[in-house]
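**Student:** Following this message is one structure expressed as structure tokens.
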Amino acid sequence: MEFTPIQSIAPLWSTPVEGADAAQSAPAGTLFADVFRQAIQNVRETNQEQVNLEYQLSVGLIDNPAELNLAISKATTSALLLMEMRNKALDAYNELMRISL
């Protein structure tokens with residue numbers, strides 16, 4: 001009797017992340033992972049924008065302080081969204097672990 005080896009599962013999507021170095025883009029990306037990468041990148045960008053505007057306000061380069069309030073709201077919302085995505089992913093993982101086969 002001859003057995004054929006099981007082939008590994010190939011990912012459906014293989015899109016490299018823009019702006020990532022070779023170490024980060026080495027593993028093939030999936031849609032699930034790409035969503036989290038984009039959310040993390042969004043948190044980093046909005047936080048950097050907030051820090052930039054805080055500095056500009058402190059040295060007097062901004063005339064409208066409402067821009068800083070908007071940047072703070074964006075950064076807070078993006079961080080909260082990322083935390084909720086993480087919580088939902090952990091909840092889904094825990095539900096899968098409870099399934100008995």
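The values are calculated or read from the model by the stated rules, or taken from the named source; none is laboratory data. Since the structure is predicted, the reported quantities are computational estimates derived from the model, not experimental observations. Virtual Cβ from ideal backbone geometry, glycine too; neighbours counted across all protein chains shown. Accessible surface areas use protein heavy atoms only, side chains included; no ligands, DNA or RNA. Shrake-Rupley method; radii C 1.70, N 1.55, O 1.52, S 1.80 Å.
**Student:** Between residue 35 and residue 72, with labels modelled 7 Å along Cα→Cβ, what's the label distance in nm to one decimal, could you check?
**Tutor:** Roughly 3.1 nm, to one decimal.
**Student:** What is the extension gain from residue 99 to residue 4, computed as 0.36 nm multiplied by their sequence separation minus the C-alpha to C-alpha distance, in nm to one decimal?
**Tutor:** 31.2 nm is the gain from fully extending residue 99 to residue 4.
**Student:** Over the stretch 27-88, give the accessible area per residue in Å² for a 1.4 Å probe, as an integer.
**Tutor:** Heavy-atom SASA per residue in the stretch 27-88 reads 71 Å².
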